[in-house]
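The values are calculated or read from the model by the stated rules, or taken from the named source; none is laboratory data. Please read all numbers here as calculations on a predicted model, not as lab measurements. In this analysis, Cβ positions are derived from the backbone assuming ideal geometry, glycine residues included, and neighbour counts consider all displayed protein chains. Just the protein is used for accessible areas: all its heavy atoms, side chains included, with ligands, DNA and RNA removed. Shrake-Rupley method; radii C 1.70, N 1.55, O 1.52, S 1.80 Å.
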Amino acid sequence: MDFLWQERPGGKRGPKPALTLEAIADAAIAVADAEGLAAVSMQRVAADVGYTKMALYRYLPGKSELVAVMLERAMSAPPDLSAGDWRATLTLWAERLFALYREHPWALDVTAGNRPVGPNELGWMEVALARLPEGLNGAERMDLVAVIAGHVRSIVVQPGESGLLAAFAEHAERFPAISAALADIAVRGGQDQALSFGLERILDGLEMLISKRV
């Protein structure tokens, strides 16, 4: 936790160091994006940035801290959500989070479970909470952000359409409900809208809850 929040030295006179924590994190992210988080190691990242493994330990105590910095670097500063009403704002927040997970699939595993949280990740939560409508208590506000984030995560991990259809094509007779749904989609369209459909239903429910309290 302290490592994520401590101030980094900077602004000193003289030549800048050839290696930076940001460069290390970027190299590790490139490995994880291409090959998965399991491929990331201090040895591999050191080789990719052209330094020895021991040189990296001047910047990072170990791999767990490296992964934490990778997530902070990948998330970057939270998006500007100052424009639009609360529904539009939360929709944009969810879409940005979805894009982040699609770009960095390894972040799904990194953000699961009990772990240290850095300033960028908390910043994302802050901008979502700040744009919620009035009429919710503190627990409900935190829970709503968790529900939206959970919905985003669930859509990201869904199997791709090509894989689903390939499995279904050989066994269509065993799954009549899927056959009926796909037949309807072939006529009406509307596929690949689970993210927006689910989010709209979540926000509809929130709007209804608030209206009952007025």
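If a/c stays under 1.5 just call it rounded; otherwise compare a/b with b/c (prolate if a/b is bigger, oblate if not). Do that for the chain, with a ≥ b ≥ c from the square roots of the Cα gyration tensor eigenvalues. Here the chain falls in the oblate category. The mean accessible area for residues of the chain, using a 1.4 Å probe and ignoring ligands and nucleic acids, is 61 Å² per residue.
Report, in deg cm²/dmol and to the nearest 500, the calculated mean residue ellipticity at 222 nm for the chain, where each DSSP H run with n ≥ 4 adds -39500 (n - 2.57) and the sum is divided by the residue count. Write down the numbers at each step before the final one.
Values: 12 runs with 139 residues, N = 214.
That calculation yields -20000 deg cm²/dmol at 222 nm.
Computed extension gain for Glu22 through Ala77, at 0.36 nm per residue and net of the alpha carbon distance, reaches 18.4 nm. Taken along the Cα-to-beta-carbon direction at a fixed 7 Å, the label points for Asn120 and Asp184 span 4.1 nm.
Leaving out ligands, DNA and RNA, and with a 1.4 Å probe, what % of the accessible surface on the chain is carbon or sulfur?
Of the solvent-accessible surface of the chain, carbon and sulfur hold 57 percent.
Model label sites at Arg174 and Glu134, defined 7 Å from Cα along the beta-carbon direction, differ in position by 5.6 nm.
As an exercise, use a Förster radius of 45 Å and the Cβ-Cβ distance of Arg102 and Ala55 to find the FRET efficiency, rounded to the nearest 0.05. After rounding, the FRET efficiency stands at 0.85. Given the C-alpha centroids of the range 185-204 and the range 21-63, what is the distance between them in whole angstrom? So the two Cα centres are separated by 39 Å. Loop-located GluC sites (Glu not before Pro) in the range 111-214 (DSSP state other than H, G, I, E, B) with a sparse environment of at most 12 neighbouring Cβ atoms within 10 Å: Glu134, Glu170.
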